[in-house]
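Below is one structure; the comments refer to it alone.
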Amino acid sequence: MRLLVAFLAASVLAANAPVPPGELIVSTPFDQPQGPTRKQAINRWSASIGEWSVKDGALFGDELKEDNHHSSCTYRVDAGGIVIQAQFRLGGAQYLAFGCRDTVAPNLHLGRTFVSKDAVWITHMSGISKTTKSTKVAELKTPVDPAKWHDIRIEIVGERYRVRLDDKELDATHPRFKDRKGLVALITKGQGAAFRQVSLRHAGEGR
C-alpha cells in the first residue's frame, strides 16, 4: 500500500512538474530601441498588424483603429512542443495574448493564452481570417495589476496546454494543441501593453 501511495504521489508530482527546458529557438530582451513600426522587422520579430516600438527595454504594441483588428507581432518557428516565457505589463490595454499558429499555409490559428486585468484564459482555435473559429477551454478569474510587470510561462506539449502566471496555474487539453507550431504571436487589444525578456524553446527533448 505504501509503495502504491508513493507511486501515485510521484506520478502527480511528475504530471505537475514544469517541462524540462529544451533547445532555445530565440531569446529576445528587446533592448534595441526602434519604432514606431508597422509591417517591418523589429528586434528580429515581425510587426504584422498594429503599431509596435521598442523602448526602455520593452516591446510596446498598440492597436490602431484603422486596422479594425488587434495588433500582432510574430516570430516564425518549427516546433512540436513549445515553451514560451516572458514578462508583460497590461498598461492601458483591454487584454494581451500569446498565440500559436500551425504549419498549414498560411499558418492556421491553433491556440492562445489571453490575459486581462481580472482573468487568464486558454482557447483552442482553427482557420484563419474570416474562417477563424475560437473556443475557450479553460479560465481562471484572478486580478492582474495592469501597472506591474508579470511573469508568464506557457507550455504546449502534446494535447496539454499549461499556463503559469506569476504563482497561478491553468491547464487545458485539446487534440488541436498537438499540431506542429509554425508561428508564435504577441497580441494586444488596445494601447499601452508591453513585453520583455521573451524566449521560445522546444519543449524538453522533443522537437
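For E66, which of the numbered conditions (1) assigned to a strand (DSSP E or B); (2) free of Cβ contacts under 8 Å to residues at least 12 places away in the same chain fails to hold?
(1)
Can you confirm whether the range 108-115 contains a residue that is of a type outside the set (V, I, T) and surrounded by fewer than 19 Cβ atoms within 10 Å (Cβ to Cβ)?
No, the range 108-115 contains no residue that is of a type outside the set (V, I, T) and surrounded by fewer than 19 Cβ atoms within 10 Å (Cβ to Cβ).
Tell me, which strands (runs of 3 or more DSSP E) wholly within the range 118-207 include 1 or more residues that are under 26 Å from W52 (Cβ atoms), in contact (Cβ under 8 Å) with a residue 40 or more places away in the chain and in contact with a strand residue (DSSP E or B) (Cβ under 8 Å, 6 or more places away or on another chain)?
119-126, 150-157, 160-165, 181-189, 193-203
Write out, first by first residue and then by second, each pair whose Cβ atoms fall under 6 Å of each other, whose residues are 6+ apart or on separate chains, and whose first residue, in the range 74-87, is touching a residue at least 24 places away in the same chain (Cβ under 8 Å) while the second is outside any strand (DSSP E or B) and charged (D, E, K, R).
Here the result reads G80/R180; G80/R207, each pair linking the range 74-87 to a residue that is outside any strand (DSSP E or B) and charged (D, E, K, R).
Strands (runs of 3 or more DSSP E) wholly in the range 18-58 with at least 1 residues that are under 18 Å from Q191 (Cα atoms) - which ones?
Filter on the range 18-58 gives 34-37, 45-49, 51-55.
Sort out which residues of the range 69-79 are crowded, with 18+ Cβ neighbours inside 10 Å and outside any strand (DSSP E or B), and write them in order of number.
Across the range 69-79, the qualifying residue is only H70.
Taken together, the values in this text are just the output of simple stated rules run on the coordinates, not laboratory data. All values derive from a computational prediction rather than experimental measurement. As a convention, Cβ positions derive from the backbone with ideal geometry for all residues, glycine included, and neighbour counts pool all protein chains shown.
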